[in-house]
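Let me begin by presenting the structure, written as structure tokens, before commenting on it.
What follows draws every value from the coordinates through simple rules; no lab data is involved. Quick caveat: nothing in here was measured; it's all calculated off a predicted structure. All Cβ positions, glycine included, derive from the backbone under ideal geometry; neighbour counts span all protein chains shown.
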Amino acid sequence: MADRDILNTFIPIVDFLGEVYGSNCEVALYDLTESKNEICAISNNNLSGRRVGDPLTKTLNKLIEEEQYKHKDFITRFPSKTKDGKISRTSVLFIKNKEGRLIGLLTLSFNLDGLINSANFLNKFLSELTGGPERNLAEEKGPISEDFSTPIEDYAMSIIQKTIEEINISPERMSTDEKIEIVQKLNNKGVFLLKGAVTEVAKKLKISEPTIYRYIKKD
């Protein structure tokens with residue numbers, strides 16, 4: 001089957017997933033054949049405003065440049081943010097031909113703004129009932145576990161710190177295998193798709209950035 005024919009089989013899936021998950025989930029299919037690197041089908045584009053013919057995002061370009069598709073079929077639930085500040089979780093399926101060459105991407109991005117607003121409403125309501133302090137999740141800056149209202153950079157830093165602390169050993173005393181384990185866990189969580197993450201992890205683990213990339217390829 002030709003590469004374009006393989007991609008065409010995914011077009012109905014874009015509409016199907018868009019209907020299943022509703023307007024808070026943007027589903028996009030990217031055509032990477034013939035150096036097009038553009039959207040060829042999209043559903044529920046109210047999240048990003050992107051349309052058919054729009055190019056790859058910087059994050060997706062970086063993901064391809066790092067060749068993560070060579071050792072995995074998909075990446076799930078990495079944090080992302082639109083130009084107008086909408087916070088979401090994105091998952092990417094790598095579409096390959098029978099030779100293993102990357103020919104397309106299928107992405108699902110879930111908008112979390114509604115959940116954050118609902119949480120803020122409940123916080124306000126409960127504070128009035130209990131007399132306790134009111135919290136606005138969209139304004140909190142600390143590294144809150146699973147709080148998607150924090151800035152993306154803060155969220156990534158909190159994930160990095162939490163993953164390192166799980167080993168319960170200082171970086172100076174960690175073995176190579178323990179550092180590889182940390183890097184691979186962070187990679188599976190999509191942390192390295194965010195700008196500056198490789199530098200931050202290298203600094204915390206006391207290793208070089210090229211070493212981080214070598215550890216990623218061991219996954």
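Couple of notes before you dig in:
- Each residue of segment 34-44 was assigned a 3J(HN,Hα) from its phi angle through the Karplus curve 6.51 cos²θ - 1.76 cosθ + 1.60 (θ = phi - 60°); the sequence is 6, 6, 6, 6, 9, 6, 10, 7, 8, 10, 6 Hz, with glycine and proline shown as x.
- Relative packing of peptides 169-179, 108-118, 27-37 - highest average C-beta neighbours within 10 Å first: 27-37, 108-118, 169-179
- Site pair E65 and E209 shows an inter-label distance of 1.0 nm when each label is modelled 7 Å from Cα along Cα→Cβ.
- Label separation (T9 vs N37): 2.7 nm, computed from points 7 Å beyond Cα along the C-beta direction.
- Amide N of segment 73-108 lying under 18 Å from the label point, which is placed 7 angstrom from the Cα of N24 along Cα→Cβ: 77-82, 85-91, 108
- Rg(Cα)/(2.2 N^0.38 Å) for segment 56-113, N = residue count: 1.19
- Per principal axis, descending, Cα span of segment 3-113 in whole Å: 40, 28, 22
- Given R0 = 30 Å, the distance between the Cβ atoms of R101 and E165 translates into a calculated FRET efficiency of 0.15.
- Along segment 199-209 the Karplus relation, 6.51 cos²θ - 1.76 cosθ + 1.60 evaluated at θ = phi - 60°, assigns HN-Hα couplings of 4, 5, 5, 4, 5, 5, 8, 6, 9, 7, 5 Hz to successive residues, with x for each Gly and Pro.
- Karplus (6.51, -1.76, 1.60) ³J(HN,Hα), θ = phi - 60°, over segment 76-87, in Hz, Gly and Pro reported as x: 10, 6, 8, x, 9, 8, 7, 4, 8, x, 6, 9
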